[in-house]
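Structure first, then comments.
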Amino acid sequence: MDPASSTLEYPSDSDRRFQAVFDHARDAMLLADDSRHFLAANAAAGLLLGRAPADLIGGTVDDIVAAGASSVADLWRAFLAEGHLQGALTIRRADGTTREVEFNATAHVLPGQHLSILRDITAQVQARHELEDQRALLAAIFAGTPIGIVFVDPDLRIVDYNSAWARIAGRPLAQARGQLIYEIVPALLSRRSLHERALRGEILDLADVAHVLPGSDAVCYYDLHFRPVHDAHGTTLGMLSAAVDVTDRHNRATQKDQFLGLVAHELKTPVTSVKAYTQLALRTMRAGEAGAPPPAGPPRLTRLLETIDQQTDRLTRLINDLLDASRLESGQLPLTPTRFDLRTLVADTVGLMQPPAAGFTITCDLAPEPCVVAADWGRIEQVLINLLQNAIKYAGPRQEIVVRVTRRATEVETAVRDFGVGIPGDQQGTVFERYFRARNVRDAGYAGLGLGLYISHGIVTRHGGWMAVESTEGAGSTFSFILPLA
């Protein structure tokens, strides 16, 4: 072999085939003698090491391995003794940079000649390190976040949870892994259908869920968020649930509701007295006392008393809303269910609302078949009146309202549609929250506390139903409440 050549030259056909494979292999190939000096290098080795293949001849393994000379010597002795060695190491290029390679070395492929095959795995090693860093970061977030996080498999058995969820569960993960989540946190048993909906792909959120911490009488409140987890092929791996402790927020809201309830209760008595005396004064002005002619007085005084009477009614409604909101929050809103045909209630209520809504057209479209429900007539009437009042208030120039009652297999839907201002799309998800008032309504100066829909939603929910809204800003809204049939 010419010592200046980068490849070997063999006279036989098999040797020439070996040389062809050696020269054109995509992996780096190096041939070294017993003293670790290179005898040949192919083009791929030159690319990997940043040198011309001919420049590698005469150099040693020590020149390219990024390790101490003693380490290389020990490794080489073990290699010669075993006859074969494979693994991964770091090599140095001519420009001083390093690359990560996996190697496969075979001793004595020819007498006194040893073949090493190198493959560059730098990109894979870097990707693995980045993945390990990301996993470490996620593990730190998972372990350190104050939000309780639990992962369950498709059978709702616990796979993993963090320390914040361990506090909720009252036991370490080792004692809970493999158990049903309801066995660990019984308060979630009533939410089983929600978990199963999340596993089917729905994204679910619950607010202010009460939970008694194990080993204590402390009641905490959590916002719960459920998300399905899928693999790259869309197969459901399980469900991730996060529990955010909102106990402080809940307690502050409860205190505020209690205060508002107390204020409303204290206002109710004097407002009732004002109403009574105003009506007495109006009757006196209009008919006199004990059959006597009415006392002389300017008509303006009568109009003022009528205004006081009307505003007292409005104040009474606001006070009642505050009281109902407080009772809903505390779970003390009274209900007296009876069986009745919802169509009758709707027809009667629309008839009552028509005179105050002079100039409006309220159209009723009632289901042809009976729609009997077991509900509190007064409370359901309150819901419908609230929806009609809102429709009248926000109807805009097109003074038209449509009320529709639709019966389905196991439920009945009552929908109230207007063609007015509508609700901005980004706010429709919060319309049933306390004190909600749409952005365009506030800007237009409409009055109100934002409690009517919250109370209506609470009443319907307590009857085992639910409410929905469809709205387009500038084109109107449809509010519906659905009740189970009796």
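Bear in mind these aren't lab numbers, they're just calculated from the coordinates by the rules spelled out. Just so we're clear, the structure is a prediction, and the values are computed from it rather than from any experiment. Cβ atoms come from the backbone with ideal geometry, glycine included; neighbour counts cover every protein chain shown.
Some notes on this structure:
- Normalised contact order of the chain, rounded percent, pairs of Cα under 8 Å and 6 or more residues apart: 7 percent
- Each 10 Å bin from zero up to the one holding the largest Cα-Cα distance in the range 13-125 carries the following percent of pairs: 14, 51, 31, 4, 0.
- Rule-of-thumb Rg ratio for the range 64-214 [Cα; 2.2 N^0.38 Å; N residues]: 1.80
- Annotation: the range 225-271 has a Kirkwood hydrodynamic radius of 14.5 angstrom, from the mean reciprocal C-alpha pair distance.
- Likely footprinting exposure, ARG300, ARG157, fewest C-beta neighbours within 10 Å first: ARG300, ARG157
- Its Cα centre serving as origin, the range 145-245 has a Cβ charge dipole (Lys and Arg +1, Asp and Glu -1) of approximately 180 debye.
- Using the average count of surrounding beta-carbon atoms within 10 Å as a protection proxy, the listed peptides 471-482, 208-219, 176-187 rank, highest first, as 471-482, 176-187, 208-219.
- Test item: Cα-centred dipole of the range 394-435, Lys/Arg +1 and Asp/Glu -1 on Cβ, debye: 180 debye
- Distance cut-off 28 Å, percentage of C-alpha pairs in the chain lying past it: 71 percent
- Share, in percent, of DSSP beta bridges within the chain that are antiparallel, nearest 5: 95 percent
- Dipole magnitude of the chain about its Cα centre (Cβ charges: Lys, Arg +1; Asp, Glu -1), debye to nearest 20: 2540 debye
- q = 0.25 Å⁻¹: log10 I(q)/I(0) that the Debye formula gives for the range 318-413, counting C-alpha atoms only: -1.27
- For the range 338-484, diffusion coefficient by Stokes-Einstein and Kirkwood Rh (Cα), 37 °C, 0.692 mPa s, µm²/s: 213 µm²/s
- From the alpha carbon centroid of the range 373-423 to that of the range 42-65 is 84 Å.
- Taking the inverse of the mean reciprocal distance over all distinct Cα pairs, the Kirkwood hydrodynamic radius of the range 103-176 comes to 16.4 Å.
- Separation of alpha-carbon centers, the range 97-142 and the range 210-239, rounded to whole Å: 40 Å
- Here the Kirkwood formula, the inverse mean of 1/r across different C-alpha pairs, assigns the range 145-245 a hydrodynamic radius of 13.6 Å.
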